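Reading through the structure tokens given below for one structure.
A short reminder: the numbers here are calculations on the coordinates, not readings from a lab. Just so we're clear, the structure is a prediction, and the values are computed from it rather than from any experiment. No Cβ is skipped: glycine too gets one built from the backbone with ideal geometry, and neighbour counts run over all protein chains shown.
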Amino acid sequence: MDRPIIIVTGANSGVGFGICHRLLVQLSSNRCEDAYPKYPFHNFLASADPQLPCEGLTLILACRSRQRAEAAKSQLYSLLDKHISQLRKSPRYDGRADKFRQNLVISVHLIDLACVRSVFDFADEVTQTYPYISHLICNAGVVCFAKIDWPLCLVQLAKDFIGAVTAPKYFLQSTGRISEDGLGWLWQCNIFGHYVLFRALEPHLAKYTGSMGARVLWLSSQEATSEFYNPKDWQLINDDHSYQSSKYQLNLLALRLDQEATEHRQPGMPVVRHFSVLPGIAGTNIASALLGRFTAVCMIVTFYIARWLGSPYHPISAFKAAISAVHLALVPLVYLPAVERVEKPDASTKASEPAEVGTLYVSQTDRWGTEYVGTMKFVESRAEDVHVKELLANCDSLLETFCAAQGRKSASG
């Protein structure tokens with residue numbers, strides 16, 4: 001298999017670290033289970049074998065803090081070494097994992113998604129260092145937590161326990177935060193920073209001609225919803241549910257970018273696919289920042305209770321939560337569905353209108369914690385089609401402004 005070069009943003013902790021860990025375990029194993037098409041959503045009319053296991057990998061940890069990234073890098077090497085030591089105990093071990101370990105390169109490159117100049121610098125550094133990029137995994141994200149509404153928390157737990165620990169309504173968020181670039185801070189971190197990064201790396205992604213096919217993974221959330229989204233406040237500055245709205249925007253963008261990539265594909269030319277991935281509910285630092293140690297432990301306990309009660313959306317561990325991202329990174333593209341156009345009934349006119357139907361890929365588990373990949377359909381209405389076109393136009397306009405201000409002809413240089 002052609003050597004993959006994979007970028008993971010926010011790779012030093014949480015789901016980002018889990019993705020890196022799972023990639024190493026899967027790619028060093030004789031049979032890379034996460035790469036095989038075995039779920040109902042796969043296109044089984046296609047025919048392609050995963051070109052695995054591979055003999056090497058370049059894994060780029062894209063992080064804000066060098067200290068935390070270097071610590072994560074050391075931990076990843078250590079975890080892989082422990083995994084390989086277990087593989088060696090098998091009488092059928094053929095030494096393949098040791099060869100993978102010898103050819104593994106884990107690199108740290110700094111990026112601050114809240115600063116466009118930092119994103120440009122990162123992209124320039126990467127494109128000057130590596131011949132191509134095979135995967136961009138947009139995992140990093142922030143949330144403007146302000147406080148917990150404890151009365152509302154107790155009410156939601158009593159009325160809808162699983163919903164309360166899957167898409168909580170009691171985490172109150174602050175509004176009005178502006179980045180140093182003069183943009184909505186959360187929006188820049190969660191949406192625009194990654195969009196700039198993709199555009200800056202787009203030519204380098206197109207250079208990858210390996211059998212796996214280049215792809216961009218956008219990490220979404222179970223909390224994504226259009227309920228609070230105001231298209232006029234597209235930078236989410238005054239949105240008191242900005243995290244949920246940003247993940248909704250992310251789903252719209254991933255759907256549209258994948259649609260454009262597949263519909264405008266030229267024969268013989270590589271296509272860069274885009275996928276929206278939901279890791280499920282994991283015990284990461286993004287919510288623990290508001291909680292003390294005791295409350296954080298209670299949160300994890302409620303996650304296990306929700307799983308035992310039948311919720312499929314609580315993988316809990318970052319390693320298990322990473323299965324959807326790693327599967328989407330490794331499965332042959334021919335098995336993955338493209339965006340469909342369907343006729344959606346309009347309740348007000350009783351007529352039908354065209355709608356785009358995309359797929360969200362979700363990390364799920366059974367009651368006993370066995371992880372697998374499920375899907376959810378994401379239906380984009382005509383109004384949402386207008387909204388995402390406006391959002392893309394706004395992003396492109398901002399990108400041109402920043403390129404001009406920094407003397408760049410385009411995002412890629």
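A few comments on the model shown:
- Cβ-derived FRET efficiency at R0 51 Å, Ile305 paired with Gln128, nearest 0.05: 0.55
- The magnitude of the dipole of region 24-165, with charges of +1 and -1 set on the Cβ of Lys/Arg and Asp/Glu and taken from the Cα centre, is near 460 debye.
- Highest GNM mean-square fluctuation among Gln235, Gln128, Gln244, for the chain modelled with Cα contacts below 10 Å: Gln128.
- Highest-fluctuation residue, His241, His327, His42 considered, GNM on the chain with Cα pairs under 10 Å: His42
- Theoretical gain in end-to-end length, Ala146 to Glu263 [0.36 nm per residue, Cα-Cα removed]: 37.9 nm
- Cα extents of region 15-147 along the three principal axes, largest first (Å): 50, 41, 38
- Modelled label reach - Leu392, point 7 Å along Cα→Cβ, region 246-264 residues with backbone N closer than 12 Å: 252-264
- Just checking the listed ones, Leu255, Leu336, Leu152: in the Gaussian network model of the chain with Cα springs under 10 Å, the one fluctuating most is Leu152.
- Debye, to nearest 20: dipole size of the chain, +1 on Lys, Arg Cβ, -1 on Asp, Glu Cβ: 1280 debye
- Straight Cα distances below 22 angstrom link Lys73 to the lysines Lys82, Lys99, Lys320, with same-chain residues fewer than 8 positions distant left out.
- DSSP finds beta bridges in the chain, and of those with both partners inside it, around 40 percent are antiparallel.
- The equivalent ellipsoid of region 197-332 has semi-axes of 32, 21, 12 Å, largest first, where each one is the square root of 5 times an eigenvalue of the Cα gyration tensor.
- Two-site FRET efficiency, Thr225 against Thr401, from Cβ-Cβ distance with R₀ of 25 Å, rounded to 0.05: 0.25
- Taking amide H atoms as placed 1.01 Å from N in the peptide plane, the amide H of Leu57 lies under 5 Å from those of Leu104, Val105, each 5 or more residues away in sequence or on another chain.
- Computed from the C-beta positions of Arg66 and Ser412, the FRET efficiency with R₀ = 22 Å rounds to 0.35.
- Cα-based equivalent ellipsoid of region 139-194: semi-axis lengths in Å, sorted from largest, via gyration tensor: 29, 13, 6
- Farthest towards the positive end of the charge dipole of the chain, among the residues Leu79, Phe145, Ala282, is the Cα of Leu79, using unit charges on the Cβ of Lys, Arg, Asp and Glu.
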